[in-house]
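*Asks:* Structure below; questions to follow.
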Amino acid sequence: MIIEPRMRGFICLTAQPKGCEQSVKNQIEYVKSKGTIAGAKKVLVIGASTGFGLASRITSAFGSDAATIGVFFEKEPAEGKTASPGWYNSAAFENEAHKAGLYAKSINGDAFSNEVKRQTLDLIKADLGQVDLIIYSLASPVRLNPNTGVLHRSVLKPIGSTFTNKTVDFHSGKVSDISIEPCNDEDIANTVAVMGGEDWAMWIDALKAENLLAPGATTVAYSYIGPSLTEAVYRKGTIGRAKDHLEATAFTISDSLADINGKAYVSVNKALVTQASSAIPVIPLYISLLYKIMKEKGIHEGCIEQIQRLYQQRLYTGETMLTDEKGRIRIDDWEMREDVQAQVAKLWLEATSENLAELGDLEGYRSDFYNLFGFGFDGVDYKADTDEMVAIPSIG
């Protein structure tokens with residue numbers, strides 16, 4: 001079939017397998033170009049199919065020759081219907097890993113469930129024995145708690161008062177004001193249940209209980225802080241409460257791993273175009289301005305550049321980990337530089353529908369968005385007939 005982008009609001013309903021394959025290959029080549037990282041050799045990535053999780057799996061495999069198990073929840077292809085991009089990304093990753101002689105297997109299912117945890121533990125036990133790095137990079141709007149049976153839905157709302165600010169429709173470039181009503185206590189509790197640290201801790205507890213964590217094992221979860229411009233709807237809103245819980249959980253996990261000399265960290269990463277961030281009001285406008293400035297300064301990073309730097313310059317330097325006053329790894333350091341944020345704040349006040357194409361990098365934002373779904377890559381013939389029925393080798 002000829003596969004083209006088909007949009008519904010902020011979601012692309014199609015994915016291009018050849019484009020996703022090219023994206024993965026590009027990321028692999030970037031990691032290889034940066035040299036070897038003396039990192040972990042047996043890695044579990046929970047949320048491994050897109051964004052930071054995929055970049056972590058690629059960096060582990062092609063930076064450190066690591067065996068990797070990836071867990072994700074993706075839609076399989078059907079005749080005449082494409083899979084989700086994460087499915088095609090994972091198929092491409094496994095194929096490239098196997099070509100390089102690297103172990104790579106994947107599990108497709110709800111990572112919050114006891115069943116998928118059990119399946120993953122059994123696979124580690126059978127094939128790897130133990131893991132020495134666990135990346136936790138889940139991004140889901142809902143979570144069914146496997147112990148209580150309660151379905152929790154996260155919400156993106158401010159706390160205490162209505163939030164009003166600018167946003168942009170990145171398809172049309174129209175800048176407008178948006179207001180978001182404040183949450184209630186139940187909204188906060190549900191968002192923390194979905195996006196906080198409870199499931200991360202459950203994974204680590206399950207691995208430790210069956211002696212599947214190697215001595216000195218490290219686990220890393222990903223978070224975001226962002227600037228004062230977005231804090232009312234993000235860091236000081238419902239999502240911020242969930243991130244606070246995630247970050248507090250790192251200390252709880254570290255305490256539980258003390259007897260194996262293990263450690264849990266939260267890495268605060270840079271704002272990037274993801275499926276999730278595209279739907280958050282205010283964030284697309286902020287990112288388009290941020291991209292413009294960081295590209296001009298030569299410090300812009302995508303997912304793979306960010307994670308490769310995290311591994312090479314933070315996690316595996318052979319020195320004591322550099323963290324902030326709350327014990328977090330700050331790989332958002334270039335985004336949060338004073339000169340960068342001062343320029344963003346200035347442009348924010350000036351941005352309108354008429355001048356955003358000049359003031360910001362809306363084209364870069366759009367390009368990154370379509371790249372998520374496998375569109376817009378050099379070397380891919382998008383007019384050619386493409387087989388949508390791509391299999392992930394370890395899944396079939």
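*Asks:* Would you tally the residues in region 203-229 being part of a loop (DSSP other than H, G, I, E, B) and modelled with pLDDT of 95 or more?
*Replies:* Of the residues in region 203-229, 3 are part of a loop (DSSP other than H, G, I, E, B) and modelled with pLDDT of 95 or more.
*Asks:* Does SER367 meet the test of being touching a strand residue (DSSP E or B) at 6+ places or on another chain (Cβ under 8 Å) and farther than 30 Å from ILE134 by Cβ?
*Replies:* Numbers: touching a strand residue (DSSP E or B) at 6+ places or on another chain (Cβ under 8 Å): no; farther than 30 Å from ILE134 by Cβ: yes.
No.
*Asks:* Sticking with this one: How many residues does region 317-373 hold that are among the β-branched types (Val, Ile, Thr) and open to solvent by 80 Å² or more (accessible area, probe 1.4 Å)?
*Replies:* The total comes to 1.
*Asks:* Hey, another quick one. Sort out for me the strands (runs of 3 or more DSSP E) sitting completely within region 136-201 that have 1 or more residues that are touching a Pro at 6+ places or on another chain (Cβ under 8 Å). Break it down stepwise before answering.
*Replies:* On the way: elements: 142-144, 151-153, 163-169, 174-180.
Result: 151-153, 163-169, 174-180.
*Asks:* Still on this model: Can you name every residue in region 303-316 that is open to solvent by 20 Å² or more (accessible area, probe 1.4 Å) and touching a residue at least 24 places away in the same chain (Cβ under 8 Å)?
*Replies:* If the condition is that a residue be open to solvent by 20 Å² or more (accessible area, probe 1.4 Å) and touching a residue at least 24 places away in the same chain (Cβ under 8 Å), then CYS303, GLU305, GLN312, ARG314, LEU315, TYR316 are the ones that fit.
*Asks:* Going through ILE253, ILE287, ILE225 one at a time, which residue ends up being in contact with a helix residue (DSSP H, G or I) (Cβ under 9 Å, 6 or more places away or on another chain), of a type in the set (A, V, I, L, M, F, W, C), closer than 22 Å to GLU338 by Cα and open to solvent by less than 10 Å² (accessible area, probe 1.4 Å)?
*Replies:* ILE287
*Asks:* Taking region 94-128 on its own, how many of its residues are among the charged types (D, E, K, R), touching a residue at least 24 places away in the same chain (Cβ under 8 Å) and either closer than 22 Å to GLU21 by Cα or part of a loop (DSSP other than H, G, I, E, B) (or both)?
*Replies:* 4
*Asks:* Is there any pair linking a residue in region 221-240 that is farther than 19 Å from ALA193 by Cβ to one that is in a strand (DSSP E or B) and modelled with pLDDT of 95 or more, with Cβ under 6 Å and at least six apart or on different chains, and which?
*Replies:* Cβ pairs passing all conditions: ILE225/VAL268.
*Asks:* I'd like the full set of residues that are open to solvent by less than 20 Å² (accessible area, probe 1.4 Å) and in a loop (DSSP other than H, G, I, E, B), limited to region 235-244.
*Replies:* Within region 235-244, just GLY237 meets the criteria.
*Asks:* Let me ask something additional. Is at least one residue of region 369-384 closer than 24 Å to SER137 by Cβ, modelled with pLDDT of 95 or more, under 18 Å from the mean Cα position of the chain (by Cα) and of a type in the set (Ser, Thr, Tyr)?
*Replies:* Scanning region 369-384 turns up at least one residue that is closer than 24 Å to SER137 by Cβ, modelled with pLDDT of 95 or more, under 18 Å from the mean Cα position of the chain (by Cα) and of a type in the set (Ser, Thr, Tyr).
*Asks:* Another question about this same structure. Here are some residues: ALA248, ALA232. Which one is of a type outside the set (Asp, Glu), assigned to a helix (DSSP H, G or I) and open to solvent by 20 Å² or more (accessible area, probe 1.4 Å)?
*Replies:* Details: ALA232 fails: assigned to a helix (DSSP H, G or I).
None of the other options fit; the residue is ALA248.
*Asks:* Please verify whether GLY173 is more than 24 Å from SER394 (Cβ to Cβ), more than 22 Å from the chain's Cα centre (by Cα) and open to solvent by less than 20 Å² (accessible area, probe 1.4 Å), treating the condition exactly as stated.
*Replies:* Answer is yes for this residue.
*Asks:* What tally of residues in region 1-59 results from selecting those that are part of a strand (DSSP E or B) and either at pLDDT below 95 or not β-branched (Val, Ile, Thr) (or both)?
*Replies:* Final tally of qualifying residues: 6.
*Asks:* Quick one: which residue in ILE46, ILE2 is of a type in the set (A, V, I, L, M, F, W, C), touching a residue at least 60 places away in the same chain (Cβ under 8 Å) and open to solvent by 70 Å² or more (accessible area, probe 1.4 Å)?
*Replies:* Within the list ILE46, ILE2, the selection yields ILE2.
*Asks:* Something else: Against the definition (touching an Asp or Glu at 6+ places or on another chain (Cβ under 8 Å) and not acidic (Asp, Glu)), how does SER140 come out, yes or no?
*Replies:* Spelling it out, it is not the case that SER140 is touching an Asp or Glu at 6+ places or on another chain (Cβ under 8 Å) and not acidic (Asp, Glu).
*Asks:* Can I ask one more? Residues of region 120-149 being closer than 17 Å to LYS42 by Cβ, open to solvent by 50 Å² or more (accessible area, probe 1.4 Å) and in contact with a strand residue (DSSP E or B) (Cβ under 6 Å, 6 or more places away or on another chain), which ones?
*Replies:* Of everything in region 120-149, just one residue is closer than 17 Å to LYS42 by Cβ, open to solvent by 50 Å² or more (accessible area, probe 1.4 Å) and in contact with a strand residue (DSSP E or B) (Cβ under 6 Å, 6 or more places away or on another chain), namely GLN130.
*Asks:* Tally up the residues in region 190-238 that are among the aromatic types (Phe, Trp, Tyr) and within 16 Å of LYS117 (Cα to Cα), please.
*Replies:* At the first step, the residues of region 190-238 found to be among the aromatic types (Phe, Trp, Tyr) are 200, 203, 222, 224, 234.
Still in the list and also within 16 Å of LYS117 (Cα to Cα): 200, 203.
Here the count works out to 2.
*Asks:* Out of all the residues in region 68-80, which are more than 20 Å from the chain's Cα centre (by Cα) and open to solvent by less than 40 Å² (accessible area, probe 1.4 Å)?
*Replies:* Within region 68-80, PRO77 is the sole residue that qualifies.
The values are calculated or read from the model by the stated rules, or taken from the named source; none is laboratory data. Since the structure is predicted, the reported quantities are computational estimates derived from the model, not experimental observations. As a convention, Cβ positions derive from the backbone with ideal geometry for all residues, glycine included, and neighbour counts pool all protein chains shown. SASA here: full protein model, heavy atoms, side chains in, ligands and nucleic acids out. Shrake-Rupley method; radii C 1.70, N 1.55, O 1.52, S 1.80 Å.
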